[in-house]
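Comments concern the structure below.
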Protein chains: 2
Amino acid sequence: MKCAVCGRKAAVEVRRQGKAFCPEHYLEWFEGQVKRAIRRHRMLAPGERVLVAVSGGKDSIALWEVLHRFGYETAGLHIQLGIGDYSERALEVTRRFAEERGLPLYVVDLKEAYRLAIPELAELTRRRACSVCGLTKRYVMNRVAVEEGFDAVATGHNLDDEASVLLGNVLHWQTDALVRQGPVLPAKEKLAKRIKPLYLLTEREILAYTLLRRLPYQHEECPFAQGAKSLLYKDALNRLEAAMPGTKQTFLEQYLKKIEPVLAEGLAAEEVELTACERCGYPTTGKVCAFCRTWDRALSFAKKKGKLAGEVRFEPAPKPLFFAPSAS
Amino acid sequence: MKCAVCGRKAAVEVRRQGKAFCPEHYLEWFEGQVKRAIRRHRMLAPGERVLVAVSGGKDSIALWEVLHRFGYETAGLHIQLGIGDYSERALEVTRRFAEERGLPLYVVDLKEAYRLAIPELAELTRRRACSVCGLTKRYVMNRVAVEEGFDAVATGHNLDDEASVLLGNVLHWQTDALVRQGPVLPAKEKLAKRIKPLYLLTEREILAYTLLRRLPYQHEECPFAQGAKSLLYKDALNRLEAAMPGTKQTFLEQYLKKIEPVLAEGLAAEEVELTACERCGYPTTGKVCAFCRTWDRALSFAKKKGKLAGEVRFEPAPKPLFFAPSAS
C-alpha cells in the first residue's frame, strides 16, 4: 500500500478509513485527528492548564506527548496503585517521560496517602479491583486538578475504550451512564472539566503513534484486567470491526451525534442533584461520597482485623508529591 | 438438575432464568411465556383471526402450534420462495403440519404469482437475497392478511432474532428502524397488525419445545443465510450471553421499556407519512412502494435479457392458493 499523502511506501494502515500512511504522514494524520477532536468539542481554550492522567501505558503517554507538542501547559498526574512490580514499572516509565521532556509531575501513592494499595482495598471491600480502582482514580484526579488550579483533567480513553463502555451501557441500557458518555464532561462546582482527546483513535493507531515517536511506555497489561467485562465487550466489537471496518467509529460517533441529545432531553427527569459530601466537601449524589464511604469502611475493617498498625484514621486529601521539572 | 416445579429430573435448563424443568412443566412454562407476552402487549383480543406466517422452520411451526392450542382462529400462510429443494421441503413440512391439525393454509408461490423465484430476483436486482426476500415476504404477508380479512399477522421472530436486529440497529443507530422494534406493530389503513408472540423466547428454548411436542419442522438453514450480517450479530450476542446469562433478554426488554418510548418521542419529527402506492394501492413512504419498484424493475430486466418467455407484465396481487382443512 502507498501513503495517501505522498505516495511513498506506507507503514501504517487505517483500515476503517480505507487509508494508509508513511511514518511522517501518519504522525501528521494522528495529531490532526486529536487537534480536530479538541477543536470540534471545544475541549480546551488557548492558555488553559491541563492535568494529564498518566498511568504510563501507551494511551496516556501518547496523550501527554500530543498535548505537550500542541503547546498546552500540561502537568502529569500519576497514581501509584500499589499493584506490585506492575505499578513500580508504571511509575518508572512515567517519571522517565516527564524528566526527558522537562515536564512537571504529580504523584499520589495510594498506600502513602490512604494506607492501602488497590489489591488490599479490593479484598477488604470484597469488590472487583477495577471497580474500586476506577472510583479512586476519578476522585484523586479531580481533587488534585481542583486543588492545584487546573482547568481540565485529560485522560487517554481511546475509541476501543469508549465504544466498549457504550456497548456495555447499551446492553444493559444504563440510562444514567448513557447520558455521561461524551468526550467532554463540563466543569461544575469543585468538579474539573474532563476531556478525552483520543476518543476517536483506536488502540492500534495509538500504539503505532507511540512506536513511531519512540515514546517509552509500559507494555504490560494490569494483572487485574483479565476477565474484566470490558474485555468481553472489546472482543465482541473487534470481531464486528474485522467484518465491517468502521463499526466502532460509527457506533460511538452516531450515538454522540444523534442519540445522546435525545436521551439527555428525554431522560432529564432522572438527572440527580449534586451536593457536597459531608466528609470531604466534594460533589456527591448522596450524603457521603462513594470514595469516602468505600475507603472509610475499608480502613475500619483493616483496623478491626489488625491489618494496620498504629492509629488508623481515614483522611480524604490525596497529598500529592510534586516533581518539578529539572532545570535542563 | 431438578424441575423447578415438581422436583423430578429436569430435561431442559433455562439458564438465563436460573431454572430447569421436566418435560411436562417445560411445555407449561413455555406456553405461559407466550401467553404472558400476548397479554402484556395486548397482541390479540379474544375472537381475533390470526394469519400465521409459516416458513416451516421450528419458530413458525412452534408459533402456530401454540396459537392453535390457545384456541385462536388461525390460518397459515406459506410463501414458496423457490430456493430449490430447500423450499420444496419447507412447503412439504408446512402442509403436513396443517393437514395433521386440520388447519387452513394459504400458499403463495412467488414463481407462479410473479414469475421469478428469490434467487433470480436477487440476481436481477443485484441485491442480497435476504434483502429482497424480506421485502417480498413482508408485502405478501400483509396483503394476504388484509385481503382475506385477518386481524393480525403473527411471525415467529424469537429473542435471538430481535436482539440481533436491535444490536445491528444500535451499532449503526438506525433511528427509523429503532422506533419500529416492538413486538406489536399496530394496524393502519391497509396495514394489518403485526405481532411477534415468541419475541422473548430463545432459539434454543423454541427448539426444545418443538422436540418435546414432537412437531415436524424443517431442520435445514436457508442456503442464503450464510454470511448474513444477522449471523455476525447473533454470534456476538451468543458470546456475551455465555459469559453473562440474561444479556439478550435485558438488552431487548429494557430497550423496549425504557429507551424506545424516549426515542419515539424525541425523534418524532423524523416520522414519515404513509400514502397509497400509485401502483398497488398499499401503503408506502414514496410514490411507488419498494415491492412494486423492485419487482417491476426485475421483470423488465428479465424481459430485456430474454429470460422470460411470452408476455411479461408485473401484477402486484399475490394470488394465494387456499388449502381448506380436510373434513377429518
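In the range B:307-322, of all residues being among the hydrophobic types (A, V, I, L, M, F, W, C) and in contact with a helix residue (DSSP H, G or I) (Cβ under 9 Å, 6 or more places away or on another chain), the one that is surrounded by the most Cβ atoms within 10 Å (Cβ to Cβ) corresponds to B:F314. Kindly evaluate A:E48 against the criterion of being open to solvent by less than 70 Å² (accessible area, probe 1.4 Å) and charged (D, E, K, R). Criteria met by A:E48. Is there a residue being within 14 Å of another protein chain (Cβ to nearest Cβ), farther than 27 Å from A:G82 by Cα, open to solvent by less than 30 Å² (accessible area, probe 1.4 Å) and part of a helix (DSSP H, G or I) anywhere in the range A:177-194? The answer is yes, given that some residue of the range A:177-194 is within 14 Å of another protein chain (Cβ to nearest Cβ), farther than 27 Å from A:G82 by Cα, open to solvent by less than 30 Å² (accessible area, probe 1.4 Å) and part of a helix (DSSP H, G or I). Take the conditions (1) touching a residue at least 24 places away in the same chain (Cβ under 8 Å); (2) under 19 Å from A:D109 (Cβ atoms); A:Y255 misses just one of them, which is (2). Checking each residue in the range B:3-45 for being surrounded by 13 or more Cβ atoms within 10 Å (Cβ to Cβ) and part of a strand (DSSP E or B) picks out B:V12, B:E13, B:V14, B:K19, B:A20, B:F21.
Yes/no matrix, rows are residues, columns are (1) within 14 Å of chain B (Cβ to nearest Cβ); (2) open to solvent by less than 20 Å² (accessible area, probe 1.4 Å):
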position: A:A122; (1), (2): no, yes
position: A:R127; (1), (2): no, no
position: A:L135; (1), (2): no, no
position: A:A145; (1), (2): no, yes
position: A:G149; (1), (2): no, no
position: A:N158; (1), (2): no, yes
position: A:D161; (1), (2): no, no
position: A:G168; (1), (2): yes, yes
position: A:H172; (1), (2): yes, no
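Does at least one position in the range A:94-104 carry a residue that is of a type in the set (G, A, S), in a helix (DSSP H, G or I) and modelled with pLDDT of 95 or more? So far as the range A:94-104 goes, yes, one or more of its residues are of a type in the set (G, A, S), in a helix (DSSP H, G or I) and modelled with pLDDT of 95 or more.
Checking A:A324, A:A298, A:A264, A:A290 one by one, the residue that is in contact (Cβ under 8 Å) with a residue 40 or more places away in the chain and touching a strand residue (DSSP E or B) at 6+ places or on another chain (Cβ under 8 Å) is A:A290 and no other. Do we have any residue at all in the range B:228-251 that's touching a strand residue (DSSP E or B) at 6+ places or on another chain (Cβ under 6 Å), surrounded by 14 or more Cβ atoms within 10 Å (Cβ to Cβ) and at pLDDT 95 or above? Looking through the range B:228-251, none of the residues is touching a strand residue (DSSP E or B) at 6+ places or on another chain (Cβ under 6 Å), surrounded by 14 or more Cβ atoms within 10 Å (Cβ to Cβ) and at pLDDT 95 or above.
Of the numbered criteria (1) under 18 Å from the mean Cα position of the chain (by Cα); (2) open to solvent by 10 Å² or more (accessible area, probe 1.4 Å); (3) within 25 Å of B:I195 (Cβ to Cβ), the one B:Y86 fails is (3). The single condition among (1) without any contact (Cβ under 8 Å) to a residue 24 or more places away in the chain; (2) under 19 Å from the mean Cα position of the chain (by Cα) that A:D235 does not satisfy is (2).
Looking across the range A:252-302, the residues that are of a type in the set (A, V, I, L, M), assigned to a helix (DSSP H, G or I), within 14 Å of chain B (Cβ to nearest Cβ) and surrounded by 13 or more Cβ atoms within 10 Å (Cβ to Cβ) come down to A:L252, A:L256, A:I259, A:V262, A:L263, A:A264.
The set of residues in the range A:150-176 being assigned to a loop (DSSP other than H, G, I, E, B) and over 29 Å from A:H68 (Cα atoms) consists of A:H172, A:W173, A:Q174. Tally time: how many residues in the range B:201-235 are among the hydrophobic types (A, V, I, L, M, F, W, C) and closer than 12 Å to B:L27 by Cα? Residues that pass the stated criteria total 5.
The values are calculated or read from the model by the stated rules, or taken from the named source; none is laboratory data. Note that the structure is a prediction, hence the values are computed from the model and not measured. Counting neighbours? That spans all protein chains shown, and the Cβs are built from the backbone with ideal geometry, glycine included. Heads up: the accessible areas ignore ligands, DNA and RNA and are worked out on the full protein's heavy atoms, side chains in. Shrake-Rupley method; radii C 1.70, N 1.55, O 1.52, S 1.80 Å.
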